[in-house]
Amino acid sequence: VTTPNFLRGSPATVNVNVQGLGYLSGWIDFNDDGDHADAGEKIVTDLRDGGAGDLDGTINGVIQFQVTPPATAALTPTIARLRYSSRTGAPSSGLWGFGEVEDYQITILNAELTATKTSFVVSDPVNGTTNQKAIPGATVRYCILTTNTGTATAENVAAVDNLPGNVTFIPGTM
């Protein structure tokens with residue numbers, strides 16, 4: 001099994017190596033309460049190599065599927081369980097036909113961004129750079145600092161800040 005990085009709210013592709021004509025079912029304990037019985041924790045049901053739901057669509061010994069952890073998924077280590085069985089409808093535990101059950105410890109990641117906006121009056125038309133004030137015609141430097149305190153790398157982050165109607169933005173002047 002190739003376990004990818006799992007990110008809250010983002011699809012992740014899982015590849016499971018299989019042999020023979022079995023049915024793959026899987027669960028993730030998204031709330032980390034020690035079971036796979038909660039709503040939404042069954043991630044795949046009765047997938048077959050090359051069958052419906054196998055993303056690569058070929059009989060090649062690999063079943064490929066996607067999982068999107070919910071936005072509320074626990075960020076602590078938890079268990080993903082995969083069961084490859086000779087019968088359909090396999091439960092997450094107990095005896096069920098012939099096959100194999102494997103557990104994998106995973107951690108779901110999350111980027112948690114905070115933004116802090118500051119401003120500083122560089123100069124104004126009356127006082128220059130001494131005791132400067134935010135008056136019409138003043139030059140003000142704005143800064144938006146974004147910090148990630150989460151467990152995942154944040155990519156493609158865009159900061160947008162709408163300026164008041166009486167403020168003119170002049171790019172490249174600082």
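Structure notes:
- Mean separation of Cα contacts under 8 Å (6+ apart) over length of the chain, as relative contact order %: 19
- Length-normalised contact order for the stretch 1-101 - Cα pairs under 8 Å, 6+ apart - percent: 33
- Mean separation of Cα contacts under 8 Å (6+ apart) over length of the stretch 120-164, as relative contact order %: 29
- Using the Cβ-Cβ distance between Leu95 and Thr58 with R0 = 35 Å, the FRET efficiency computed as 1/(1 + (r/R0)^6) comes to roughly 0.65.
- Average accessible surface area per residue within the chain, 1.4 Å rolling probe, Å²: 63
The values are calculated or read from the model by the stated rules, or taken from the named source; none is laboratory data. Owing to the predicted nature of the structure, the values given are computational and were not obtained by experimental measurement. Counting neighbours? That spans all protein chains shown, and the Cβs are built from the backbone with ideal geometry, glycine included. Calculation scope for accessible area: heavy atoms of the full protein, side chains included, ligands and nucleic acids excluded. Shrake-Rupley method; radii C 1.70, N 1.55, O 1.52, S 1.80 Å.
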